[in-house]
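So the structure is just underneath, and the comments pick up after that.
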Amino acid sequence: MEATRTLGGYLELARVGNAVAAGALTFVGSFVAGGLDSPVAVALAVVATMAATGAGNAVNDYFDREIDAVNRPDRPIPSGRVSARAAAAFAAALFAVATAAALSLPPLALAIAVVNLLALLAYTQLFKGLPAVGNVVVAYLTGSTFLFGAAAVGPIAPPTWTLFGLAATATFAREVVKDVEDVAGDREEGLRTLPIVVGERPAVALATVAMAAATLASALPYLGGTFGVAYLAVVIPADAVMLGATVSGFRDPATAQRWIKRGTFLAALAFVAGRAATVVA
């Protein structure tokens with residue numbers, strides 16, 4: 001029973017669901033780049049992404065353990081299911097797995113992996129409390145999973161850059177809306193998030209403008225002739241979900257940020273549909 005409780009603590013520490021989702025996005029990046037002819041490279045990229053994401057989550061919990069003891073006592077470290085020392089060792093092991101997998105990939109993919117690993121390590125201590133900067137770092141890390149997947153199998157084509165931009169912008173908007181949701185607790189902890197510095201409504205307004213720009217840019221693969229109607233049929237509903245959810249952040253940030261995340265995955269599926277249609281054709 002104790003072993004099961006401890007194992008559950010480690011899985012929660014890594015936020016396995018988020019790690020698997022990040023791996024799936026890397027797979028999408030490889031597929032959009034047309035790289036399923038290199039299954040070993042795709043598998044290594046997915047493993048590296050999942051391990052690095054899990055490690056970053058564990059590091060975040062390690063540094064936030066005192067705050068979590070007050071706000072989230074059910075988290076693995078403050079609840080006693082995983083010690084702080086064990087959490088640090090777990091994160092180091094996951095980083096080692098990510099590094100080993102990335103070392104076998106092409107130079108560009110390896111460079112992206114190194115930058116991302118450094119960003120993950122620096123996020124909690126350097127960027128998290130800075131207005132908008134932490135949001136931008138998380139946005140980049142999410143979007144870069146597509147670039148990493150593409151770089152693992154070849155050059156990064158224009159559709160992948162569009163997917164990166166759309167995912168990064170949607171994540172930025174979601175992170176800002178999440179900060180609006182957490183204003184009370186963040187203010188109590190002395191954090192200087194964007195909604196605290198500029199106000200909640202201006203922060204959501206900025207997120208909405210960014211999301212509107214991203215949804216307009218999502219038409220580029222269709223207008224450029226890279227993808228056809230299959231892409232458009234999925235990306236339009238995805239854009240509607242993401243933009244509508246961001247606007248709803250003015251009145252219900254908790255629900256809004258969840259729907260932005262769902263819209264981001266739907267947008268990724270649009271690129272899969274667009275690529276699949278070109279393969280069939």
Boolean, R187 is over 25 Å from L223 (Cα atoms), touching a residue at least 40 places away in the same chain (Cβ under 8 Å) and among the charged types (D, E, K, R): no
The stretch 172-213, subset surrounded by 24 or more Cβ atoms within 10 Å (Cβ to Cβ) and farther than 23 Å from I67 by Cα, residue nearest to the chain's Cα centre (by Cα): F172
Residues of the stretch 97-131 satisfying the condition of being surrounded by fewer than 18 Cβ atoms within 10 Å (Cβ to Cβ), within 25 Å of D186 (Cα to Cα) and either in contact (Cβ under 8 Å) with a residue 60 or more places away in the chain or in contact with a Gly (Cβ under 8 Å, 6 or more places away or on another chain) (or both): L121, T124, Q125, F127, G129, L130, P131
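Can you confirm whether A267 is at pLDDT 95 or above, in a helix (DSSP H, G or I) and buried (at least 16 other Cβ atoms within 10 Å of the Cβ)?
Details: at pLDDT 95 or above: no; in a helix (DSSP H, G or I): yes; buried (at least 16 other Cβ atoms within 10 Å of the Cβ): yes.
The answer is no for A267.
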Criterion violated by G225 - all others in (1) free of Cβ contacts under 8 Å to residues at least 12 places away in the same chain; (2) under 27 Å from P131 (Cβ atoms); (3) outside any helix (DSSP H, G or I) satisfied: (2)
Which numbered condition V197 misses (of (1) in contact (Cβ under 8 Å) with a residue 24 or more places away in the chain; (2) outside any helix (DSSP H, G or I)): (2)
Residue in the stretch 52-74 that is more than 27 Å from T226 (Cα to Cα), among the hydroxyl-bearing types (S, T, Y) and buried (at least 23 other Cβ atoms within 10 Å of the Cβ) present: yes
The stretch 18-64 - residue that is in a helix (DSSP H, G or I) and among the hydroxyl-bearing types (S, T, Y) and, of those, nearest to T99 (Cα to Cα): T49
Of all residues in the stretch 92-131 being within 19 Å of the chain's Cα centre (by Cα) and part of a loop (DSSP other than H, G, I, E, B), the one that is modelled with the highest pLDDT: P131
Residues satisfying the stated conditions in the stretch 169-184, i.e. in contact with a Pro (Cβ under 6 Å, 6 or more places away or on another chain) and touching a residue at least 40 places away in the same chain (Cβ under 8 Å): V177, D179, V180, E181
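For the stretch 66-83, state whether one or more residues are more than 22 Å from the chain's Cα centre (by Cα), acidic (D, E) and closer than 16 Å to T6 by Cβ. Talk me through it step by step, then tell me what you get.
First, the residues of the stretch 66-83 that are more than 22 Å from the chain's Cα centre (by Cα): 66-67, 69-71, 73-74, 77-83.
If we keep only those that are acidic (D, E) as well, we get 66, 74.
Checking which are closer than 16 Å to T6 by Cβ leaves us with 74.
Within the stretch 66-83, one or more residues are more than 22 Å from the chain's Cα centre (by Cα), acidic (D, E) and closer than 16 Å to T6 by Cβ.
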Of all residues in the stretch 228-252 being over 19 Å from T145 (Cβ atoms) and surrounded by 23 or more Cβ atoms within 10 Å (Cβ to Cβ), the one that is modelled with the lowest pLDDT: G249
Where W259 falls short, out of the listed (1) touching a helix residue (DSSP H, G or I) at 6+ places or on another chain (Cβ under 7 Å); (2) over 30 Å from R72 (Cα atoms); (3) assigned to a helix (DSSP H, G or I): (2)
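The values are calculated or read from the model by the stated rules, or taken from the named source; none is laboratory data. Source: prediction; values computed, not measured. Heads up, the Cβs are rebuilt from the backbone with ideal geometry, glycines too, and the neighbour counts pull from every protein chain shown.
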